[in-house]
Amino acid sequence: MMEFDREILLKSYRFNLKYAADLVADIEDDLLYSVPAPGLENTPGFTLGHLVTGSTLIAQDLGENCSLPQGWDDFFLRRGPGDPRLPTNDAPDLPGKAALLQELTDRHRIVEGRIEELDNDRFFEPCQWRFSNYYPTFGDMLIFMCVSHEAMHLAQLAAWRRAFGMESSLARL
């Protein structure tokens, strides 16, 4: 049986966390949920919160007993392009940047630890989920969620920055 290289996965997942933090480093809380134009409803606040939900689901799939802060699933959990709801950007109790980054960092650390301990056989087990036709194993799902899913949303956040005339974050890394 093949051996999966967890370090390749962890490098990208760690980079995504660093990139996420840099993307919002110069965004004040009063702009965190602002929508600059139609099509850019995934604001920095929503994006960070949504990535927290994704990492929480991954942690749960990896056997961790963790949950989202109260109300966060209503704000940030979406089920992909078929979900007709737009992000909530005007609720009075949306979390600020510091809370979002802390939760994202905490979830990343949990997932990283679980990936480091993951049994090689589990990585290659069949996995039934939304994209099983493309990514049929548990490891495929992990790679998609830890790398591709996060990168797609971080690209949306980079576009949001540009709509506000902000400099490229990626150029700073």
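Considering the stretch 3-39, and only residues there that are out of contact with any helix residue (DSSP H, G or I) (no Cβ under 8 Å at 6 or more places or on another chain), of a type in the set (A, V, I, L, M) and part of a loop (DSSP other than H, G, I, E, B), the residue that is farthest from residue 139 (Cα to Cα) turns out to be 35. Tallying residues that are assigned to a helix (DSSP H, G or I) and not charged (D, E, K, R) within the stretch 109-129 yields 6. Would you check which residues across the stretch 57-84 are at pLDDT 85 or above, assigned to a loop (DSSP other than H, G, I, E, B) and surrounded by 17 or more Cβ atoms within 10 Å (Cβ to Cβ) and list them? Of everything in the stretch 57-84, those that are at pLDDT 85 or above, assigned to a loop (DSSP other than H, G, I, E, B) and surrounded by 17 or more Cβ atoms within 10 Å (Cβ to Cβ) turn out to be 62, 68.
Residues that are over 11 Å from residue 88 (Cα atoms), of a type outside the set (A, V, I, L, M) and touching a residue at least 40 places away in the same chain (Cβ under 8 Å) within the stretch 29-46 comprise 29, 36, 44, listed in sequence order. Looking at the stretch 85-108, is at least one residue among the β-branched types (Val, Ile, Thr) and not in a helix (DSSP H, G or I)? Checking the stretch 85-108: at least one residue is among the β-branched types (Val, Ile, Thr) and not in a helix (DSSP H, G or I). Exactly one residue out of 151, 155, 98, 91 is closer than 23 Å to residue 25 by Cα and either at pLDDT below 95 or acidic (Asp, Glu) (or both), and it is 91.
Filtering the stretch 155-165 to residues that are crowded, with 21+ Cβ neighbours inside 10 Å and of a type in the set (A, V, I, L, M) leaves only 157.
So residue 108 passes all but one of these: (1) at pLDDT below 95; (2) closer than 26 Å to residue 6 by Cβ; (3) open to solvent by less than 50 Å² (accessible area, probe 1.4 Å). Which condition number does it fail? For residue 108, the failing item is (1).
The values are calculated or read from the model by the stated rules, or taken from the named source; none is laboratory data. Everything quoted here is computed from the prediction, not taken from an experiment. Virtual Cβ from ideal backbone geometry, glycine too; neighbours counted across all protein chains shown. Ligands, DNA and RNA are excluded from the accessible area calculation, which covers all protein heavy atoms including side chains. Shrake-Rupley method; radii C 1.70, N 1.55, O 1.52, S 1.80 Å.
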